[in-house]
Amino acid sequence: MNFDRKAVWSVAKGWLAAILVIIGCVVASAPVGAASFQPLEIVTKNGVQVFSVEMATTEEEKQTGLMYRKELPDGKGMLFDFNPEQEVSMWMKNTYVSLDMIFIRADGRILRIAENTEPLSTKIISSRGPARAVLEVVAGTAQKYGIRPGDRVGHPLFGSK
């Protein structure tokens, strides 16, 4: 059997290049955001609600948040760590999904809930007091599960769970 090594190598390089382009497209289309998921519990008068949350701890993760996402499943969310406790301002720029923003004090108590935020809006949404963290979940979550200011959040950021 005779092989033209240059021709075989040329075909192999072409296939390799095509595979790398496909892998690059898959990676580029993946949602940008925090990578680690952690459980978070909210204790309400109706019981305990458990969420799986992405952590936004770096400045880049906090600035990007849930931007560009086309959906956010029930029971999922993003937890923004703003240590130390401070007045926090959020917005919905480049965010396509309406959210409930749950502002949480350093002691794990819910300070405020901004429900059904307006997608793509640059209107500032304030914590209206010192908050350690903000939990973003799909709009309607607070009403669906009876989550209210004063309810306790269980997560290591607040010295629990």
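The values are calculated or read from the model by the stated rules, or taken from the named source; none is laboratory data. The model shown is predicted, which means the values in this text are computed figures rather than measured ones. Cβ coordinates were reconstructed from backbone atoms using ideal geometry, including for glycine residues, and neighbour counts include every protein chain displayed. SASA here: full protein model, heavy atoms, side chains in, ligands and nucleic acids out. Shrake-Rupley method; radii C 1.70, N 1.55, O 1.52, S 1.80 Å.
Checking Gly33 against (1) surrounded by fewer than 16 Cβ atoms within 10 Å (Cβ to Cβ); (2) at pLDDT below 95; (3) in contact with a helix residue (DSSP H, G or I) (Cβ under 8 Å, 6 or more places away or on another chain), which test does it fail?
(1)
Got a number for residues in segment 133-157 being in contact with an Asp or Glu (Cβ under 6 Å, 6 or more places away or on another chain) and over 16 Å from Glu54 (Cα atoms)?
3
So Gln49 passes all but one of these: (1) part of a helix (DSSP H, G or I); (2) of a type in the set (S, T, N, Q); (3) at pLDDT 95 or above. Which condition number does it fail?
(1)
Considering only residues that are part of a loop (DSSP other than H, G, I, E, B) and aliphatic (A, V, I, L, M), look in segment 110-129 and name the one that is surrounded by the fewest Cβ atoms within 10 Å (Cβ to Cβ). I'd like the intermediate steps shown before the answer.
Pass one, segment 110-129, residues part of a loop (DSSP other than H, G, I, E, B): 115-124.
When the remaining residues are screened for being aliphatic (A, V, I, L, M), the result is 120, 124.
On the way: Leu120: 12, Ile124: 8.
Once the filter is applied, the top-ranked residue is Ile124.
Filtering segment 67-89 down to residues that are of a type in the set (A, V, I, L, M, F, W, C) and open to solvent by 20 Å² or more (accessible area, probe 1.4 Å), which residue is farthest from Gln38 (Cα to Cα)?
Pass one, segment 67-89, residues of a type in the set (A, V, I, L, M, F, W, C): 67, 72, 78-80, 82, 88.
Subsequent filtering for residues that are open to solvent by 20 Å² or more (accessible area, probe 1.4 Å) retains 67, 72, 82.
On the way: Met67: 20, Leu72: 16, Phe82: 17 Å.
Here the residue is Met67.
Is it the case that segment 12-21 has a residue that's among the basic types (Lys, Arg), modelled with pLDDT under 95, under 30 Å from Gly108 (Cα atoms) and surrounded by 10 or more Cβ atoms within 10 Å (Cβ to Cβ)? Talk me through it step by step, then tell me what you get.
Narrowing segment 12-21 to residues among the basic types (Lys, Arg): 13.
Cutting the leftovers down to modelled with pLDDT under 95 gives us 13.
Then keep just the ones that are under 30 Å from Gly108 (Cα atoms); that gives none.
No: zero hits.
Using the structure shown, decide if Ala106 is in a loop (DSSP other than H, G, I, E, B), small (Gly, Ala, Ser) and surrounded by 14 or more Cβ atoms within 10 Å (Cβ to Cβ).
Yes.
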